[in-house]
Amino acid sequence: TDVVERYACGNSDILDIGIGGGQMEHYLSAAFPNTTTWGIDIDFSLCTRCYYQLETGNFPNVRVLCADVKTMPIASNSVDCVVSSGGLSHIEGLNKALKEIYRVLKPGGVVICAEFETPITSPCVQPFLTSIDRSNGFKDIKNRLIELDFSLVDERLNIGADSLNPQHGAIFQKAFSF
């Protein structure tokens, strides 16, 4: 909460990459009622589920987009904060997606991500990951963001409970334009 609060204040626009069941949208909407939270996912069933869960509650500041992160229907330089909790590692064609995130993020905007150290390769999980590329571990994502001229602001290692495949968190900032 405090990390997002530091970077998403006032009338910010927050974009969550990979909405899953909508937990992040629910949380962000409640924690930051003066912001607009956008949740994006390419999976129609997840978007529908998230939409209906949010519709039954009082979440007027949440928007659900069923779209590909590599071609987002969002204006350039319009988002203050991008969050992803495990979403970036699911993206096939990560470089294109990160360039698109850079495009929609305002100068000085931040990417807050929490990703697993290594791609998930468990045989128990693989049947559910057949259509996605899980080759994007935390180091890959971190290095690619830095290559796109994001600055690493903060990094936290081992923030998750899984000791076999720890989750790491980081904050990256897009350069201010002059």
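The values are calculated or read from the model by the stated rules, or taken from the named source; none is laboratory data. As the structure is a prediction and not an experimental result, all values here were calculated from the model. FYI the Cβ positions are ideal-geometry reconstructions off the backbone, even for glycines, and counts take in every protein chain you see. Just the protein is used for accessible areas: all its heavy atoms, side chains included, with ligands, DNA and RNA removed. Shrake-Rupley method; radii C 1.70, N 1.55, O 1.52, S 1.80 Å.
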Considering only strands (runs of 3 or more DSSP E) fully contained in region 104-178, which possess at least 1 residues that are within 25 Å of LEU46 (Cα to Cα) and modelled with pLDDT of 55 or more?
-> 105-116, 167-173
Which of the residues belonging to region 89-98 are open to solvent by less than 70 Å² (accessible area, probe 1.4 Å) and outside any helix (DSSP H, G or I)?
-> ILE91, GLY93
Given (1) assigned to a helix (DSSP H, G or I); (2) open to solvent by 10 Å² or more (accessible area, probe 1.4 Å); (3) within 26 Å of ILE171 (Cα to Cα); (4) at pLDDT 80 or above, index of the condition TYR51 fails | (3)
Mind listing whichever residues of region 99-111 are in contact with a helix residue (DSSP H, G or I) (Cβ under 8 Å, 6 or more places away or on another chain) and surrounded by fewer than 23 Cβ atoms within 10 Å (Cβ to Cβ)?
-> GLU100
Checklist (1) of a type in the set (Gly, Ala, Ser); (2) more than 15 Å from the chain's Cα centre (by Cα); (3) assigned to a loop (DSSP other than H, G, I, E, B); (4) at pLDDT below 85 applied to ALA30, failing item | (3)
